[in-house]
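K.L.:
Attaching a single structure in structure tokens format; questions to follow.
The values are calculated or read from the model by the stated rules, or taken from the named source; none is laboratory data. If you're wondering where the values come from, they're calculated on a predicted model, not measured in any experiment. All Cβ positions, glycine included, derive from the backbone under ideal geometry; neighbour counts span all protein chains shown. Accessible surface is based on the protein model in full, side chains and every heavy atom, while ligands, DNA and RNA are left aside. Shrake-Rupley method; radii C 1.70, N 1.55, O 1.52, S 1.80 Å.
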Amino acid sequence: MAEGIKNEEEKKSLNFIEQKVEKDLAEGKNGGRLQTRFPPEPNGYLHIGHAKAIALDFGIAQKYGGVCNLRMDDTNPQKEDTEYVEAIKRDIEWLGFKWGNILYASDYFQKLWDLAVELIKRGKAYVDEQTAEEIAAQKGTPTQPGQNSPYRDRPVEESLALFEEMNSGNMEPGKMVLRAKIDMASPNMHFRDPIMYRVLNMPHWRTGNKWNAYPMYDYTHGQCDYWEGVTHSLCTLEFVSHRPLYDLFVDWAKEVAGDDKPLDDNRPRQTEFNKLNLTHILLSKRNLLMLTKEGVVSGWDDPRMPTICGFRRRGYSPEGILKFIDKIGYTTFDALNEMALMESAIREDLNTRATRVSAVIDPVKLVITNYPEGKTEELTAINNPEDENSGTHEITFSRNLWIERDDFMEDAPKKFFRLGPGKEVRLKNAYIIKCSENPEECIVKDAEGNIVEIHAEFIPETKTGEANANMKIKGKTIHWVSVDHCVEAEVRNYDRLWMVENPRDEVANYSKSLGKERIDIEDMRHFINPNSLEIKTAYVEKWLTNAKPLDYLQFQRIGYYNVDTDSTAEHLVFNKTVGLKSSK
């Protein structure tokens, strides 16, 4: 009885896709095999939305002992590049996944062409020479049937000859297309004689000049899945209405191949799930490319970008990203998730892995007046109190220190528990110090009245780790670095790139209100945060000269940072990942 309850609870914890997969495996569908695929188009860098698909495609295969292939959907040579292919591979590996095989839609160009020829011969496809506008006008509406093309019933031999001409390189792009002959009155708009091939007349980065006519996504996708042996084709919700067409093209491919296996048990199964939508983020590749080309950001990996490489450079951990995706789960309805939820997941993960270090971003000098001139001590700092195996490092203590300016207040209210006249605090890993009651004795100002130096005395017997270290005081513990034993560093504090919660809709509506057909960079600039990047000079402990690019750090009492890829031992650069607490 208890075992049955346990199994039922485990089943309830599965998402709906996992439940479906387990059911198919239990029923022996596809011979008991499990095979998925991740099929990105190499026309840009992957963004955080792709991370959700990666986690599902690869995660399902990993969980159930199957295989997930990486297949580049390279059917549009106008926008694709090997740079993007390599970036996609790096991002998948960084997230912690490995593909079974790397495949390309272009691997199947000849097979897709041969299938199209056979479909023409069987009266299931025809060459249409109407304009795109004429074809669109004849499609009808969801409540009104479409009209047949005047070329729909042209002789098979004529369509075959024209189809060959489409690939000759002599035909002007847009002059002719190959369409599937299905049903112009179908309530599913995708069935109204969809386009299978169009003329581009340009070389492909993998196949060279062999092809001038290229297949469309809807025609390509299902056949590639079928030929590869994919059992579960996992797509986002916009493909729900495409699923009947996906299945029909697979049926046609099986029919032409003479595959007599039962269709219900031996076919790729398309299942749709919700996209990852986040507030204050725009995920369109076209718009992201515009931001990079127009110099709004420094590149695809700018830490303000929602690309996987952008999050990597900013200091997000792959484990944190995957934990967030797991928390929000997979459903059959779209929702807008708060960016703060993702930041919380990242913060939670970094707490377990980030090395604690001292960095002073807005410095003021602190002089320990009773500490001997020229004396130094090497104090032990724990790298991460959440990880007993993280080790320690040394930080130098001396008479002259830098502390944060807002850790001192001249006219401090009663509940200000940091440094001020008559107040005492503990210096992290060091001593308790106390300022004189007399402001004139503990504050040095310049001619403009700005505080430039603070004087305090230390209590020798309160050194961290010694018997009186736990002496009770009202003041808090503050961080510091030694003036003569620290290094200057560039700190890049990032805020959200977009000032509005839903930039996708806000920008689109604004552009539409101006009578524009497409969003341009000026429309986007209207909603971009002008203060999304603040560059400051900070003082950090000297030990950080050994830090490597992308190391995870916690600047104590400030936030989580990482080492930027621009950083060198001679010029340290740190990116703010996320604050210690949510400020939104």
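K.L.:
Within the range 469-484, does at least one residue satisfy the condition of being of a type in the set (Val, Ile, Thr) and out of contact with any Asp or Glu (no Cβ under 7 Å at 6 or more places or on another chain)?
P.N.:
yes
K.L.:
In the range 413-439, which residues are within 11 Å of ILE459 (Cα to Cα), more than 43 Å from the chain's Cα centre (by Cα) and open to solvent by 20 Å² or more (accessible area, probe 1.4 Å)?
P.N.:
Within the range 413-439, GLU424, LYS434 qualify.
K.L.:
Sticking with this one: Residue under question is ASP407, and the condition is that it be touching an Asp or Glu at 6+ places or on another chain (Cβ under 6 Å), modelled with pLDDT of 95 or more and open to solvent by less than 50 Å² (accessible area, probe 1.4 Å); does it hold?
P.N.:
For ASP407, the condition - touching an Asp or Glu at 6+ places or on another chain (Cβ under 6 Å), modelled with pLDDT of 95 or more and open to solvent by less than 50 Å² (accessible area, probe 1.4 Å) - is not met.
K.L.:
Do you know which of the residues in the range 526-565 that are β-branched (Val, Ile, Thr) and under 20 Å from the mean Cα position of the chain (by Cα) is surrounded by the fewest Cβ atoms within 10 Å (Cβ to Cβ)?
P.N.:
THR565
K.L.:
Follow-up question, since we're still on this one. Any residue at all in the range 431-450 that is in contact with a Lys or Arg (Cβ under 6 Å, 6 or more places away or on another chain) and among the aliphatic types (A, V, I, L, M)?
P.N.:
Taking every residue of the range 431-450 in turn, at least one turns out to be in contact with a Lys or Arg (Cβ under 6 Å, 6 or more places away or on another chain) and among the aliphatic types (A, V, I, L, M).
K.L.:
Modelled with pLDDT of 95 or more, touching a helix residue (DSSP H, G or I) at 6+ places or on another chain (Cβ under 9 Å) and either in a helix (DSSP H, G or I) or of a type outside the set (Gly, Ala, Ser) (or both): is that true of ALA61 in this structure?
P.N.:
Spelling it out, it is not the case that ALA61 is modelled with pLDDT of 95 or more, touching a helix residue (DSSP H, G or I) at 6+ places or on another chain (Cβ under 9 Å) and either in a helix (DSSP H, G or I) or of a type outside the set (Gly, Ala, Ser) (or both).
K.L.:
Check the range 72-94 and report whether any residue there is of a type outside the set (D, E, K, R) and free of Cβ contacts under 8 Å to residues at least 12 places away in the same chain.
P.N.:
no
K.L.:
Continuing with the same structure: Within the range 484-511, work out how many residues are over 11 Å from PHE527 (Cβ atoms), part of a helix (DSSP H, G or I) and β-branched (Val, Ile, Thr).
P.N.:
0
K.L.:
Ok, one more. If you check every pair at least six apart or on different chains, which have Cβ atoms under 9 Å apart with a residue in the range 333-358 that is within 30 Å of THR392 (Cα to Cα) first and a residue that is open to solvent by 70 Å² or more (accessible area, probe 1.4 Å) and hydrophobic (A, V, I, L, M, F, W, C) second?
P.N.:
The qualifying pairs are ARG356/ILE382; VAL357/TRP543.
K.L.:
Just to verify a result, which residue in the range 301-360, among those that are open to solvent by 50 Å² or more (accessible area, probe 1.4 Å) and among the acidic types (Asp, Glu), is nearest to ASN429 (Cα to Cα)?
P.N.:
Top of the filtered list is GLU348.
K.L.:
Part of a loop (DSSP other than H, G, I, E, B), open to solvent by 30 Å² or more (accessible area, probe 1.4 Å) and either of a type in the set (Val, Ile, Thr) or touching a residue at least 40 places away in the same chain (Cβ under 8 Å) (or both), is that true of LYS111?
P.N.:
Answer is no for this residue.
K.L.:
Separate question: Return the total of residues in the range 173-194 being acidic (Asp, Glu) and more than 39 Å from the chain's Cα centre (by Cα).
P.N.:
Result for the range 173-194: 1.
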